[in-house]
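Undergrad: Take this structure, written in structure tokens, and hold onto it; I'll ask about it next.
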Amino acid sequence: MKKRYGYDKKALKGLGYTKFLTEVHERNKIIEAQPEEEIVSKYNANILAERLHPRAQYVKVAEVTELKDARRFKLVPDKERGTERLAFFRAGQYVTVRVIIGKTDEAGDGPTDTLKSGMSSGTESVMIRPYSLCSAPMSALGEAPFYEILVKKVPDGFVSSWILENWKPGSEAVLSGPLGNFYYQDLRDAEHVIAAAGGSGITPFLSMAGAVKDGTEKFKLTILYGCRTEADILLKQELDELASHDGIRVVYVLSDEEKTGYEHGFISAELIRKYADETDFSLFACGPAAMYDFLKKQAEALKLPRRLVRFEVSGGARNIAADPGFPKEKLGESYELKLLVHGEMIVTKCRAEETVLTAIERAGVHAPSECRSGECGFCRSRLISGEVYIPADTDKRRMADARYGWIHPCTSYPVSDLEIEVYPVDAV
Ligand code: FES
């Protein structure tokens with residue numbers, strides 16, 4: 001039923017409303033002549049918002065490239081499942097991959113015994129993990145759009161192992177829209193970006209280099225890529241090709257090997273200064289947690305303004321046992337975790353060394369999450385009782401949330417039995 005838009009004659013009295021009233025009738029006629037569909041969905045702003053921030057993007061694996069200890073996946077829109085195009089993104093952003101573990105996949109392979117461990121039999125868990133986009137943003141546009149992500153083999157990696165075992169050309173996948181703030185912002189950043197990368201942390205910088213190369217981004221990029229040995233460098237040929245373009249430089253920093261043409265040691269303040277060659281630069285970092293500990297000290301020594309220092313934190317696994325603030329006597333403990341979900345109570349276990357979110361997912365509850373690093377707030381849940389440990393650098397809650405018992409389970413570790421209210425989302 002269409003709604004007629006009325007007016008208040010009294011309110012309009014004295015405003016010369018005769019002409020206005022005629023226009024109301026004209027407007028109603030135009031509205032009623034429109035086809036029976038939601039008028040609001042036709043607003044350009046809504047169409048643009050849906051294109052830039054889709055709730056889900058259905059894709060297919062088009063290509064798999066084998067790397068040393070990783071695989072690179074090329075993902076294309078799955079038109080049969082309704083994704084006609086891919087959302088544009090900023091170089092440095094990530095997408096989350098949503099997979100159902102515990103469900104037989106299309107190729108007939110179920111999860112391995114290792115993956116099943118900790119999941120009660122018959123449990124089907126929706127797992128969400130962020131992966132930086134390594135293709136240049138322009139790849140998402142045009143006639144043959146695609147994204148590329150790189151998935152590294154991680155010991156005990158739950159979702160990465162599943163993806164590496166199950167994704168083949170033709171496999172279906174579900175992604176979020178592009179997310180994250182790890183990208184160049186010309187109002188805030190200097191014109192020169194020093195990018196400190198470690199291991200598979202090279203991926204967002206690969207995308208940035210691609211964007212500088214094709215002119216999408218207009219800053220100078222120097223990548224300092226830290227690896228143990230030359231053999232550990234990922235995508236060297238591609239990086240060398242990118243470095244042949246104006247505005248892009250790649251320097252390999254080997255910690256365990258001395259070789260001509262390579263820097264030796266770590267990405268120190270001294271090395272950063274050497275390649276900064278201007279006083280003003282932004283420092284972006286992406287890599288393992290151990291590299292961050294070192295780099296944070298270097299950033300302090302460089303006395304860079306806070307706005308010029310950016311550490312990518314999305315989804316990095318954390319060794320909580322090495323966190324100086326974590327109560328050591330709690331290590332090895334396993335706590336009861338009660339989950340209040342739509343008024344029903346689910347009881348499970350959570351180890352002190354794992355995040356509450358991991359335990360929630362393992363229990364088969366489709367908890368919302370995106371960044372897995374405390375930043376986006378998607379996993380926000382109510383702590384009814386109990387105590388959690390939240391590493392200070394990942395506590396990105398609003399002050400009111402912290403005060404009134406809300407937590408981000410992705411960066412919360414149990415230090416007592418817990419009761420939490422969770423607000424699940426639809427499975428993929
Ligand atoms: S998933 Fe982003 S804050 Fe928890």
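Undergrad: Looking at the range 407-424 only, could you name the residues that are away from the ligand (no atom under 11 Å from the Cβ), over 18 Å from Lys330 (Cβ atoms) and surrounded by 17 or more Cβ atoms within 10 Å (Cβ to Cβ)?
TA: Passing the criteria: only Val422.
Undergrad: Collect the residues in the range 248-281 that are crowded, with 17+ Cβ neighbours inside 10 Å and in a loop (DSSP other than H, G, I, E, B), keeping them in residue-number order.
TA: Phe266, Ile267, Ser268, Phe281
Undergrad: Right, next: Has the range 238-247 got any residue that is touching a helix residue (DSSP H, G or I) at 6+ places or on another chain (Cβ under 7 Å), surrounded by 14 or more Cβ atoms within 10 Å (Cβ to Cβ) and more than 19 Å from Ile149 (Cα to Cα)?
TA: Yes, some residue in the range 238-247 is touching a helix residue (DSSP H, G or I) at 6+ places or on another chain (Cβ under 7 Å), surrounded by 14 or more Cβ atoms within 10 Å (Cβ to Cβ) and more than 19 Å from Ile149 (Cα to Cα).
Undergrad: Going through the range 39-87 one residue at a time, which ones are small (Gly, Ala, Ser), free of Cβ contacts under 8 Å to residues at least 12 places away in the same chain and assigned to a loop (DSSP other than H, G, I, E, B)?
TA: Passing the criteria: none in range.
Undergrad: Can you pull out the residues in the range 381-406 that are modelled with pLDDT of 95 or more and either under 22 Å from Arg129 (Cβ atoms) or within 9 Å of the ligand (Cβ to nearest atom) (or both)?
TA: Ser381, Val388, Ile390, Arg397
Undergrad: Further question on the same structure: Taking the stated definitions as given, is Tyr292 under 30 Å from Ala352 (Cβ atoms) and among the hydroxyl-bearing types (Ser, Thr, Tyr)?
TA: yes
Undergrad: Same structure again: Answer yes or no as to whether Val64 is in contact with a strand residue (DSSP E or B) (Cβ under 9 Å, 6 or more places away or on another chain), β-branched (Val, Ile, Thr) and under 29 Å from Gln185 (Cα atoms).
TA: no
Undergrad: Return only the number of the condition from (1) without any contact (Cβ under 8 Å) to a residue 40 or more places away in the chain; (2) not in a helix (DSSP H, G or I) that Ser160 does not satisfy.
TA: (2)
Undergrad: Now a separate question. When the range 125-148 is examined, which residues are found to be more than 16 Å from the ligand (Cβ to nearest atom), assigned to a strand (DSSP E or B) and surrounded by fewer than 24 Cβ atoms within 10 Å (Cβ to Cβ)?
TA: Glu148
Undergrad: Here is a check on your reading of the model: is Ile223 within 18 Å of the chain's Cα centre (by Cα) and buried (at least 22 other Cβ atoms within 10 Å of the Cβ)?
TA: It is false that Ile223 is within 18 Å of the chain's Cα centre (by Cα) and buried (at least 22 other Cβ atoms within 10 Å of the Cβ).
Undergrad: Turning to a different aspect of this structure: What about Lys303, is it more than 23 Å from Thr222 (Cβ to Cβ) and either buried (at least 18 other Cβ atoms within 10 Å of the Cβ) or charged (D, E, K, R) (or both)?
TA: No; evaluated as a whole, the condition is false for this residue.
The values are calculated or read from the model by the stated rules, or taken from the named source; none is laboratory data. In this text, all values refer to a predicted model and were calculated from it rather than measured experimentally. Glycine gets a Cβ as well: all are built from the backbone with ideal geometry, and neighbour counts include every protein chain shown.
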